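**Student:** Have a look at this one.
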Amino acid sequence: MLTTLWNYLFRGWKSTRAPLFEAPLSHVPFLAIDLELTSLDSNNAEITSIGWVAGSHGKIDLNSAFYCVVDTQQPLGQSPVIHGLTPEVLREGCALEDVINHLFDKLSTNVLVFHNASLDLAVLNKVIARLSKPRVEICFVDTLQMAVYQLKKRHSVLPEGSVTLSACRKRLMLPVAPAHNALDDALATLQLWFAQVHELGASRHGCLKKLRHTRATGRSNLG
Amino acid sequence: MAAIAQQVSDFLAASAPFDSLSEAVRARLLKGAELIYLSDDNANAINEGPMALYLIQSGQFSVIDSADAQRHVSEGDYFGYPAILENTVYPVSIHIENPGLIFRFTAEVFSELLTIPQVHRFFQGLRSNALHNQAAKDSHSMWLYKRLEDVVTREPIHVDMATTIQQAALKMSSERVSSLIITEKGKLVGIVTDRDLRTRVVAKGLSYTQAIHSIMTPSPTTVSHQHTVFDALSVMTEKNLHHLPVVDKQGVSPVGMVTATDMVREQRGNVLFIIGELAKAESLYALTRLAWQLPHYFSRHAKRVGDFDIAGKVLSQATDIMTRKLITFYQQAHGKAPMMFAWLVYGSQAREDQTMGSDQDNGLLLASEPNSSQAAYFAAMSEYVCQGLAKCGIRLCDGNIMASNPELRLSIDQAIEQARGWVNAPTKDAIMHFNIFLDVRCAAGDSSLFKRMQKARSPLLAQSLFLAALARHTNDLAIPLSLFQTFTYEKGRELKDTIDLKTRAVALVNNIARIYALAAGVHTPSTLARLASLPANVGLAKEDANNLRDIWLFLNRLRWRHQLLNKVTDNAVSISTLSSIEKHQLKASFKAIDRAKQAMVVKFSGGVG
């Protein structure tokens, strides 16, 4: 009886988040996000540009790639709907609210991929709260933490500069990519994640839940 | 509209054939495209995936995507296109050696882009293993490599030496020619030009009824119809001739005439003019002054690929002329030689593929063994010529392969004996030592002496055991590609991505051409001439010979461009400086060289590598 009640109460929870964490890795949709910020301190940091790209089971859908410069001066809601963005508008920048609206549904339906998740998540959290969006539950993975996990098997103290995005990519034989553009970094991060999953040998039977020991996975509430 | 990451557009912009398209057209590729991190985990994404074009950005894979054998592929390579190209179904199977990133473009957009001719040509070429490279076809200079017998088609206009001056002039008028060959019993004995009629007949008030032989230039300079247009042009430039009779192999019967007007019509570039300038030099000082202009001259005038194609020939001709000049200067000061001799040149100068870095390789062939005073004369002459060449910028040979080395001043009997020694003991070390002497040409002195020596040597050098040893030696030289068809670079260089195109590739083509030429008794040392004159039965198909010719031209263009652009004399070409299509061409060339090498080994050493 108690079990039934328990299941009933938490069905909603399970149907939104548990499948992502318990589904075979090959079925999980990932969305790599990168924010370019005005500061490394999440309290003051504002988003200047944002890029994301989606993929699953090693396959990156290039048509899902999104990039936008965020104009903080832009009055909210004044730029065209995201789908109709023209290059001119993108260059001028679009309003943060429009971008977040466009991103919002994807946050809960994908596992988010970051290189150094804590800063970007803190900023997203602040922004979503400020925009009075509903609270959203997310699952994420952090390629930086995964690199730390792997490196700690060999080093007790991590070598200087060994967990930057480009250093991590180099270790896994990924080609050099231009850095510090939000979309390029998001794409580079997603490639790195897929390479890390392969390195770990986790893809075949594993799910994200089984990677908890790496400290590279997490769940969080935004807003 | 989806955004395009910089790394994606950069990579596509550097991938032939798409690099030649506009950015907007290139972006069409990305419709429905995926970038896949391909590992053992998801290889079935390919094996079970839709028909598509794949382009590898990183990693190493073995694929079967057609009825052909498995291919090893890596960065920059494509697969999956055969099915789309041929509008059929080939299941793709892939084996991952090293995981990496590959692009998947939909069959729809690829088919759409295949309507662009250069894209279609590129993939068609990949499919047929072609070189994407028709070096000979797109050269402005290939006519210079043509043999005179193929070019001179008009029967020579000639009269017997007993003909009167007036009859001869009438013949010239009716045939509309400016020069006339004079024969005696069908053999060439002289030449008369418009100018001779003016200066030797009209100006002197000579009777028109006199026989033509009284005013002809007797025993004119001639050129054999087996030589190339370039050879004819060089002779005419060096000797300042406007009319050059072409004669048959025996050098007696006229078969045609080439004129300066014909040449001017064809030759628009001016890399050749330096030869005329060198020929005018009257002293060692004047000669060296001109010779030092050569590098400057080449970098200023050699701009088009056609110029690169003849640059080696021009440089070799220039070195020949310097040699002849120096011998003349020496003889003017010290008297005529005490016996017949031939000044032989070896290696790149013999093949006429010198580059700026080539050093001198030469020797002397003497009619008989000299006594001590004769020996002293030739020693002093050789020293003068070799030092003179060095002053002209043709480096002394580190390996001491120079006429100034007494071991390289051989009598004809000694030279034949030496060849017998090579044939009897073709060890690896011996081949390294004597390989260079197998490309030889007479640059000055008595060429009949040289021909006698060649004739005696030819059957020795065609012996099958000897050829087998040469073939095995060449087989030991590996092309600079790894198993996965990635370039393997020279170690210990300042730049990390260089390949020495001379030792790694050109030398292989030269070796292959040489071995077939020795087998067939073809005497010419030039690689292109060898490939062009191999008889059909020697075992190299015409198509393969033409392929090797195109490869040879392509490789030489790359190294000349490298030397002239970077003002260097080495052949270490940096691969990152090549365009994407050139990288594909270079890979295809290396693979073709490798196939030609394998075929040669099978032919000459019974497959025993």
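**Student:** Among the residues of segment B:304-357, how many are of a type in the set (S, T, N, Q) and over 18 Å from B:LEU284 (Cα atoms)?
**Tutor:** Here the count works out to 5.
**Student:** Here's another thing I want to ask about it. Would you check if B:ARG557 is buried (at least 20 other Cβ atoms within 10 Å of the Cβ) and at pLDDT below 90?
**Tutor:** It is true that B:ARG557 is buried (at least 20 other Cβ atoms within 10 Å of the Cβ) and at pLDDT below 90.
**Student:** Where the second residue is aromatic (Phe, Trp, Tyr) and modelled with pLDDT of 90 or more and the first is in the same structural domain as B:LYS502 (by TED's automatic domain parsing) and in a helix (DSSP H, G or I) and lies in segment B:536-565, which pairs have Cβ atoms under 9 Å and are six or more apart or on separate chains?
**Tutor:** Taking only residues 6 or more apart or on different chains, the pairs are B:VAL538/B:TYR516; B:ALA545/B:TYR516; B:ILE551/B:PHE590.
**Student:** Do the conditions hold for B:LEU315, that is, is it under 23 Å from B:ASN240 (Cβ atoms), assigned to a helix (DSSP H, G or I) and within 19 Å of the chain's Cα centre (by Cα)?
**Tutor:** Considered against the rule, which asks whether it is under 23 Å from B:ASN240 (Cβ atoms), assigned to a helix (DSSP H, G or I) and within 19 Å of the chain's Cα centre (by Cα), B:LEU315 comes out as yes.
**Student:** Given the conditions (1) buried (at least 21 other Cβ atoms within 10 Å of the Cβ); (2) assigned to a strand (DSSP E or B), which single one is not true for B:LEU410?
**Tutor:** It fails just one condition, (1).
**Student:** Taking into account only those residues within segment B:426-485 that are of a type in the set (S, T, N, Q) and more than 30 Å from B:PHE378 (Cα to Cα), which is modelled with the lowest pLDDT?
**Tutor:** This residue is B:GLN485.
**Student:** Among what's in segment B:368-398 and is small (Gly, Ala, Ser) and in contact with a strand residue (DSSP E or B) (Cβ under 7 Å, 6 or more places away or on another chain), pick the residue that is surrounded by the most Cβ atoms within 10 Å (Cβ to Cβ).
**Tutor:** Step by step, filter segment B:368-398, then rank; the result is B:SER382.
**Student:** Within segment B:83-96, does at least one residue satisfy the condition of being under 19 Å from A:HIS57 (Cα atoms) and out of contact with any helix residue (DSSP H, G or I) (no Cβ under 7 Å at 6 or more places or on another chain)?
**Tutor:** Among the residues of segment B:83-96, at least one is under 19 Å from A:HIS57 (Cα atoms) and out of contact with any helix residue (DSSP H, G or I) (no Cβ under 7 Å at 6 or more places or on another chain), which makes the answer yes.
**Student:** Looking at segment A:129-156, I want the residues that are among the acidic types (Asp, Glu) and have a partner that is crowded, with 16+ Cβ neighbours inside 10 Å and assigned to a strand (DSSP E or B) with Cβ atoms under 9 Å, at least 6 apart or on another chain. Which pairs are those?
**Tutor:** A:GLU137/A:SER220; A:GLU137/A:LEU222; A:ASP142/A:VAL113; A:ASP142/A:PHE114; A:ASP142/A:THR217; A:ASP142/A:GLY218
**Student:** When B:GLU582 is evaluated against the numbered criteria (1) under 29 Å from B:PRO17 (Cα atoms); (2) buried (at least 21 other Cβ atoms within 10 Å of the Cβ); (3) without any contact (Cβ under 8 Å) to a residue 60 or more places away in the chain, which criterion, by number, is the only one it fails?
**Tutor:** (2)
**Student:** Okay, moving on. What is the residue count in segment B:350-393 for residues that are closer than 17 Å to B:ALA291 by Cβ and of a type outside the set (Val, Ile, Thr)?
**Tutor:** Adding up the residues that qualify gives 16.
**Student:** Moving on to the next point. Would you tally the residues in segment B:1-27 being facing another protein chain (nearest Cβ under 7 Å), buried (at least 19 other Cβ atoms within 10 Å of the Cβ) and part of a helix (DSSP H, G or I)?
**Tutor:** 2
**Student:** Please verify whether segment A:171-182 includes one or more residues that are crowded, with 23+ Cβ neighbours inside 10 Å, closer than 24 Å to A:LEU107 by Cβ, at the interface with chain B (Cβ under 10 Å from one of its Cβ atoms) and in contact with a Leu (Cβ under 9 Å, 6 or more places away or on another chain).
**Tutor:** Yes, segment A:171-182 contains at least one residue that is crowded, with 23+ Cβ neighbours inside 10 Å, closer than 24 Å to A:LEU107 by Cβ, at the interface with chain B (Cβ under 10 Å from one of its Cβ atoms) and in contact with a Leu (Cβ under 9 Å, 6 or more places away or on another chain).
**Student:** Within 14 Å of another protein chain (Cβ to nearest Cβ), over 16 Å from A:ASP34 (Cα atoms) and free of Cβ contacts under 8 Å to residues at least 60 places away in the same chain: is that true of A:GLU160 in this structure?
**Tutor:** Considered against the rule, which asks whether it is within 14 Å of another protein chain (Cβ to nearest Cβ), over 16 Å from A:ASP34 (Cα atoms) and free of Cβ contacts under 8 Å to residues at least 60 places away in the same chain, A:GLU160 comes out as no.
**Student:** Turning to a different aspect of this structure: In the list B:ALA43, B:ALA52, B:ALA33, B:ALA67, which residue meets the criterion of being in the same structural domain as B:LEU114 (by TED's automatic domain parsing) and in contact with a Pro (Cβ under 9 Å, 6 or more places away or on another chain)?
**Tutor:** B:ALA67
**Student:** Tell me the residue from B:PHE466, B:PHE437, B:PHE378 that is in the same structural domain as B:LEU344 (by TED's automatic domain parsing), assigned to a helix (DSSP H, G or I) and either within 17 Å of B:PHE341 (Cα to Cα) or touching a Leu at 6+ places or on another chain (Cβ under 8 Å) (or both), please.
**Tutor:** The match here is B:PHE378.
**Student:** From the list B:ALA468, B:ALA403, B:ALA456, B:ALA430, pick out the single residue that is without any contact (Cβ under 8 Å) to a residue 12 or more places away in the chain and either buried (at least 18 other Cβ atoms within 10 Å of the Cβ) or among the aliphatic types (A, V, I, L, M) (or both).
**Tutor:** Step by step, each of B:ALA468, B:ALA403, B:ALA456, B:ALA430 is checked, and only B:ALA430 is without any contact (Cβ under 8 Å) to a residue 12 or more places away in the chain and either buried (at least 18 other Cβ atoms within 10 Å of the Cβ) or among the aliphatic types (A, V, I, L, M) (or both).
**Student:** Can you find, within segment B:28-42, the residue that is surrounded by the most Cβ atoms within 10 Å (Cβ to Cβ) among those that are assigned to a helix (DSSP H, G or I) and at the interface with another protein chain (Cβ under 7 Å from one of its Cβ atoms)?
**Tutor:** B:ASN42
**Student:** Something else now. Is it true that A:ILE50 is under 15 Å from the mean Cα position of the chain (by Cα), at the interface with another protein chain (Cβ under 9 Å from one of its Cβ atoms) and either under 18 Å from A:LEU121 (Cβ atoms) or modelled with pLDDT of 95 or more (or both)?
**Tutor:** Judged against the criteria, A:ILE50 is not a match.
**Student:** Within the bounds of segment B:43-62, is there any residue that is of a type outside the set (Gly, Ala, Ser), at the interface with another protein chain (Cβ under 7 Å from one of its Cβ atoms) and either touching a residue at least 12 places away in the same chain (Cβ under 8 Å) or touching a helix residue (DSSP H, G or I) at 6+ places or on another chain (Cβ under 6 Å) (or both)?
**Tutor:** There is at least one residue in segment B:43-62 that is of a type outside the set (Gly, Ala, Ser), at the interface with another protein chain (Cβ under 7 Å from one of its Cβ atoms) and either touching a residue at least 12 places away in the same chain (Cβ under 8 Å) or touching a helix residue (DSSP H, G or I) at 6+ places or on another chain (Cβ under 6 Å) (or both).
The values are calculated or read from the model by the stated rules, or taken from the named source; none is laboratory data. All values reported here derive from a predicted model rather than from experimental measurement. Note that each Cβ is placed from the backbone with ideal geometry, even for glycine, and that neighbours are counted across all protein chains shown.
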